[in-house]
Structure formats: structure tokens, C-alpha cells
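These notes concern the structure reproduced below.
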Amino acid sequence: MASRAAIYQGMMWRGRSWAVGARSMSSWWSNVEPAPKDPILGVTEAYLADPSPDKVNVGVGAYRDDNGKPVVLECVREAERTIAGNLNMEYLPMGGSNKMIEESLKLAYGEDSEFIKDRRIAAVQSLSGTGACRLFADFQKRFLPDSQIYIPVPTWANHHNIWRDARVPQQTFHYYHPDTRGLDFASLMEDIKKAPNGSFFLLHACAHNPTGVDPSEEQWREISHLFKVKNHFPFFDMAYQGFASGDPERDAKAIRIFLEDGHLIGCAQSYAKNMGLYGQRVGCLSILCEDEMQAVAVKSQLQQIARPMYSNPPVHGALIVSIILSDPDLKSLWLKEVKVMADRIIGMRKALRENLEKLGSPLSWEHVTNQIGMFCYSGMTPEQVDRLTNEFHIYMTRNGRISMAGVTTGNVTYLANAIHEVTKSA
Ligand code: KET
């Protein structure tokens, strides 16, 4: 047995070595500063920390029912029952669920797409829409290391982070005109023209975030035509298919126009919003190739990028999506439920605008009903948004974006009053 002194010495030794270790360990990360708060998800954190009973969260783009509660769609509950009767926790292949990919491609490229039949689309299941964009950005950097990406102003803040972390240099193009609160079509076309031939462009397929402003069908045709002349590559981020018009088929129109014109496109799809599968992280990245052989090569390289990052994607959400989309009854239930969500948002746009007008606001709120999708780009300044948060416990991003999906019959009057208070003397 060790003597007391030996034990004491040992402790001291351990004590000292621990202390030395702790000092050197802390010095390993001493250069790490706290990261800035995320402009969107940071809003949810602040909302959760506020004890006020009046608080309203119109920050993150997450759908709520008219009682302000998160929604699990009926078609998803049905699919869950099927899954529960047939549990399987095996790994998916590196590229994810083939069934889910097949159904996703039909949604984006069209049920009878010749590109699907000819097997010209390289596609993998992704970690929702974010993962699809990131995988594409990494792929772009790996195979065209000198290329850049043109990103609209404004855009979803995370687009900048995604291409930054993939080390793809970014350029911007005009998109929104603050004065008209609509599309700055002339400057947009000018920027497309000015970009060097063969540039990569990030386009929002529908329900542009944050502005709620989409090009008209005719404008999409002109954009597509100019892309053809310039030989640009269109990468579509389609995070809101179904949320613009209430009909996923109609919301794929921009993509279909580009396909008709013979473009080779890339597309990021997400089921976070249109199936309410936010936390399941299920999406699809697809790249239309010249032929099947190229598609096989591209897919194998996408898998190669995924393997050391997360190996293979999660199985559960992919099962939900493939069960719903491959069963005609469940699919039509889903289509109805998407429409209900989109219609509730449209109803809330009308209610918000009417309330603001009833209060005698000196400003025009026409854009609230003109814009489409989940968001209203209100035109409020960061200072006005700060007042909404500090004085009224209303949480939203400082760029003035209101997530209309968080507006309800219960809070719309309160919201309108508060907006009127902070904007009436502007
Ligand atoms: N693209 C766009 C345009 C987008 O608005 C989002 C999410 C995504 C992709 C990614 O969604 P995912 O959950 O990875 O499928 N936007 C909302 C949530 C967020 O910021 O993460 C938002 O703007 O509130």
C-alpha cells in the first residue's frame, strides 16, 4: 500500500500536471472570439429568452397555424404510421434514398421530364436546402476552382456564408429596388450582361427570400434567354416550392422555362417548408448533365464530397418524403395541405395591410399583399425593428423582413399597431 506521503505527492503531481495541462489547454483556444449571432436563428434565441406574454416571433421562416403553433402535416402523420410498422435503421447509400431522389426530380423537372428518362440528372439526397447549396458550392470549387458565384442583393443571409466557407469568390447582382419595392429588372439584366461569359448565378426559383418579389413569367423568359446568350450557369435554390402560389407545379415554372431553353442547371430542393420537415433535414441536390455518363461521374463525385463530411444522409425524413410522394392519395393530401398553408399566409397579408390602413398609416402598404411566399420585406429600418423588439416584444430580422407564416388572427392587430407606432413619423 502506498504511504500517505506518496499519495500526497502523487496528488500534488497530478494536481500540478492538471494545472499545467489546464493552462495549456485553455491557451489552445485563447484566440477564439465569440461568433456574431446568426441574423435569423439568433432572433429565435432572443425570442425564446423573452418572458413577455405579448411576445411575437416573425423572425425565422417557419410555418405556424392560426394559433401560432408549429404544424405537423396530416400526410406526414400518415407516413409516420407506415414507417412505425416497418422500422429500419440501416444506413442509406452515400447518395441517399434513390426513391426520394426520384420523386424529388419529378417535382422539380416535371413528372414526364425527358431528362429523368434519359438519366441525365446527377442527384443526391442532401441535408435539406442548406446542405444542397453547400454540396454544390464545394463541388463548384473542386472542379472549377477559378469560378465565382453571382448572388442577388438582397438574399438569404446564409448564401453568403455557404459560398464563403466553400471558398468560392462572390459577386453580387441587382435584384430588388427599395423605391418600387419590386424587381429592379433593368439593373438585373444589365448585371447579367456585364458578368463575364460562363458565370455562375444563384437564383431563387420562387418566393424570393427575403423580398417576396419574383420575376414574372415573361421576365424569367428574358432572363433565361440572356443566360443562353452569355452561357451562364443557373443554380436554383428552391426552398419554397408550393409556398408562392400554393401549387408546387406552378412554382417550378422558372426552372421549366430554363429547361425548355436548353440550359444545364443545378437545383437545391428542401422539404423543410413545403412538407414541414424542418428538423428532419431532408432535401435534394441535382445537376443536369450532358448525358448519362457525365451524370454518373458527377454523382459519384458529389458522393465523394459527402463521404468525409457526414458519410450518408439521415434516413427518416427521406422515408417520409418518398412515402408521401409515391402514394397518389398521400400526394394529393400533401398538395391540399400546401395550399392551406399558402392560403393562410395570403389571408394574413390582407389582414396586416387592412389593419395598417385602418390605423391611418401615412405610408403605402400595398407591397404587403403584392409580395409572395413566406416573407414580407416591409421596408422598415433596423432602428424601427429594434423599437418593435424593445418596446413591443416583436422579434424579426433587422433587415425589416416579416415572416408572414408567424402572423395569426390573434396577433395581427397587435403587430399592425406596433408597426404603425414605429413607422408613422417616418
Ligand atoms: N434557401 C433559402 C432561400 C432559405 O430561405 C432557406 C431557409 C434555405 C435555403 C434552407 O432551408 P433548409 O432548412 O436548410 O432546408 N430559410 C429560413 C431558415 C433559415 O434561415 O435557416 C429563413 O430564412 O428563415
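Values in this text are rule-based calculations from the coordinates and carry no lab data. Keep in mind that this is a model prediction, so the values were computed, not measured. When we count neighbours, we look across all protein chains shown, and the Cβ atoms used for this are built from the backbone with ideal geometry, even at glycine.
For segment 230-323, no strands (runs of 3 or more DSSP E) sit wholly inside it while including 3 or more residues that are within 12 Å of the ligand (Cβ to nearest atom) and among the small types (Gly, Ala, Ser). For segment 145-184, taking the residues that are surrounded by 18 or more Cβ atoms within 10 Å (Cβ to Cβ) and within 16 Å of Leu226 (Cβ to Cβ), the one that is nearest to the ligand (Cβ to nearest atom) is identified as Pro152. Scanning segment 86-127 for residues that are assigned to a strand (DSSP E or B) and among the β-branched types (Val, Ile, Thr), which turns out surrounded by the fewest Cβ atoms within 10 Å (Cβ to Cβ)? That would be Ile121. One residue is enough: does segment 212-228 have a residue meeting the conditions out of contact with any helix residue (DSSP H, G or I) (no Cβ under 7 Å at 6 or more places or on another chain), within 16 Å of the ligand (Cβ to nearest atom) and not β-branched (Val, Ile, Thr)? Yes, segment 212-228 contains a residue that is out of contact with any helix residue (DSSP H, G or I) (no Cβ under 7 Å at 6 or more places or on another chain), within 16 Å of the ligand (Cβ to nearest atom) and not β-branched (Val, Ile, Thr). Just wondering, is there one or more residues in segment 138-151 that are farther than 18 Å from Ile265 by Cβ and among the β-branched types (Val, Ile, Thr)? No, segment 138-151 contains no residue that is farther than 18 Å from Ile265 by Cβ and among the β-branched types (Val, Ile, Thr).
The condition (being farther than 25 Å from Asp191 by Cβ and more than 23 Å from the chain's Cα centre (by Cα)) is satisfied by just one residue among Lys117, Lys106: Lys117. Being surrounded by 19 or more Cβ atoms within 10 Å (Cβ to Cβ) and among the aliphatic types (A, V, I, L, M): is that true of Ala137 here? Here the answer is yes, as Ala137 does meet what is asked. For segment 382-426, a tally of residues being more than 16 Å from the ligand (Cβ to nearest atom) and in a loop (DSSP other than H, G, I, E, B) returns 8.
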